[in-house]
Amino acid sequence: MCIHRQPLVSFVYERGWRQNFAGAGFPGPEKEFDMAMQYLRPAKGGILIDASCGTGLFTRLFARSKKFRGVVALDFSETMLQQAQQFFAEDPALASSTPIVAVRGDIGRLPFATGSVDAIHAGAAIHCWPNPQAAMAEISRVLRPGGVFVASTFLTPLAPLGELFGDQTVRPLSQALNPFSERNNTFRYWEEAELKDLVATVGLVDYQRTRSRMFIMFAATKPQAQQDRQWRSK
């Protein structure tokens, strides 16, 4: 069973687990939310999917902001969604916030129509996806033209050295020391170049990012129809 489908993990996620991400450079949910909202400005007023939402930590923040027409809490883990719904019910601020719809779904087979979503957020999630390539293809499919994808994840342990000396310079050592290789489908550390390739491969454009130590938040956009035709003709 995936670790995130275990009831204990769902229970402790916001009760100590997520706080440990600070040691890798994650600035904390409130700051990460503010950063994500900067990238999500073009999607305000639209429908946002909080993909791999876990216990709904960011889902609640997006809903409380009232910047979106609707917020979807999507996760494959039943126990995470159950915990999320409990938190939704216990949060009085959500009574007057943007409506939240909880959906159990596979990130690699999204249950949404093509071109139907304005934004997708995946906070601290992509390192756990079993097939990131399939997931990104689905994200690109369901985003409308001009739609935005924003995600945060873990870079390799030597990413801080990469900022100083260049990722290419430290790559051989980073790959040799990476305990979570591509063969491990439970968790992986990323190189930034891999993330850039991942979004480009599915046709997303305008890659942007903010990184600090092992933390990275990146964003990319589904091209408008004319841009998409140009990309496909390359």
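Being of a type outside the set (Lys, Arg), more than 20 Å from PHE68 (Cβ to Cβ) and free of Cβ contacts under 8 Å to residues at least 60 places away in the same chain holds for only one residue in LEU155, LEU161, and it is LEU161.
Just one of the listed residues (PHE165, PHE149) is of a type in the set (A, V, I, L, M, F, W, C) and either open to solvent by 40 Å² or more (accessible area, probe 1.4 Å) or modelled with pLDDT under 95 (or both), namely PHE165. Among the residues of the range 59-87, those identified as more than 16 Å from ILE120 (Cβ to Cβ) and in contact with a Lys or Arg (Cβ under 7 Å, 6 or more places away or on another chain) are SER77, GLU78, THR79, LEU81, PHE87. Each residue in the range 31-59 was checked for being more than 15 Å from the chain's Cα centre (by Cα) and touching a residue at least 12 places away in the same chain (Cβ under 8 Å), and 6 of them qualify. When you check ARG171 against the structure, is it of a type in the set (D, E, K, R), surrounded by fewer than 21 Cβ atoms within 10 Å (Cβ to Cβ), touching a Phe, Trp or Tyr at 6+ places or on another chain (Cβ under 9 Å) and not in a strand (DSSP E or B), yes or no? It is false that ARG171 is of a type in the set (D, E, K, R), surrounded by fewer than 21 Cβ atoms within 10 Å (Cβ to Cβ), touching a Phe, Trp or Tyr at 6+ places or on another chain (Cβ under 9 Å) and not in a strand (DSSP E or B). Here the range 102-124 is the region considered, the condition is being touching a Phe, Trp or Tyr at 6+ places or on another chain (Cβ under 9 Å), hydrophobic (A, V, I, L, M, F, W, C) and under 17 Å from ALA220 (Cα atoms), and the residue that is modelled with the lowest pLDDT is ALA124.
Counting only strands (runs of 3 or more DSSP E) that fall entirely inside the range 18-130 and contain at least 3 residues that are among the hydrophobic types (A, V, I, L, M, F, W, C) and open to solvent by 20 Å² or more (accessible area, probe 1.4 Å), the qualifying elements are 100-104.
Taken residue by residue, the range 202-210 has no member that is at pLDDT 95 or above, open to solvent by 50 Å² or more (accessible area, probe 1.4 Å) and of a type in the set (Gly, Ala, Ser). Take MET136 and decide whether it is in contact (Cβ under 8 Å) with a residue 12 or more places away in the chain and open to solvent by less than 10 Å² (accessible area, probe 1.4 Å). Criteria met by MET136.
The values are calculated or read from the model by the stated rules, or taken from the named source; none is laboratory data. Quick caveat, the model's predicted, so the values are computed rather than measured. Cβ atoms come from the backbone with ideal geometry, glycine included; neighbour counts cover every protein chain shown. SASA here: full protein model, heavy atoms, side chains in, ligands and nucleic acids out. Shrake-Rupley method; radii C 1.70, N 1.55, O 1.52, S 1.80 Å.
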